[in-house]
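Structure record follows, encoded as structure tokens.
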């Protein structure tokens, strides 16, 4: 899916309008329209503004990924845990997931 179509979908899904976005981005309605119709190429700063406004990544808008949100940033310690977790058998992984659920329940009490 191309950039303009993804943005159009986000506009519809978030019940907003090109007019509101033009105001927020400090451009005229006609300028926003030319970007959305493809008459003019949308500048990078505008793509960045759309990404921030809709809380999605620019990679998603450009169609480089189908995941709207960027991957979660992990600390070195968290990355190490993930690497170690991946070396375990399926049964061991399931046991760890169950233990985490038990600990989360204990934290609620």
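By how many degrees, 0 to 90 and rounded to 10, does the Cα axis of helix 90-108 deviate from the longest principal axis of the chain?
Orientation of helix 90-108: about 80 degrees from the principal axis.
Report the Cα centroid-to-centroid distance between region 64-82 and region 1-57 in angstrom, as an integer.
Here the answer is 27 Å between Cα centres.
Where Rh denotes the Kirkwood radius from the mean inverse Cα pair distance, what is Rg over Rh for region 62-109?
Dividing the radius of gyration by the Kirkwood radius yields 1.12.
With equal scatterers on the alpha carbons only and no solvent term, can you work out the Debye log10 of I(q)/I(0) for region 1-80 at 0.14, 0.21, 0.24 1/Å?
Computed log10 I(q)/I(0) values: -0.48, -0.93, -1.19.
Angle between the Cα long axis of helix 76-86 and the longest principal axis of the chain, 0 to 90 degrees, nearest 10?
The answer is roughly 70 degrees.
Where a number appears in this text, it was derived from the coordinates with a stated rule and is not lab data. This structure is a prediction, so every number in the text was calculated from the model and none was measured.
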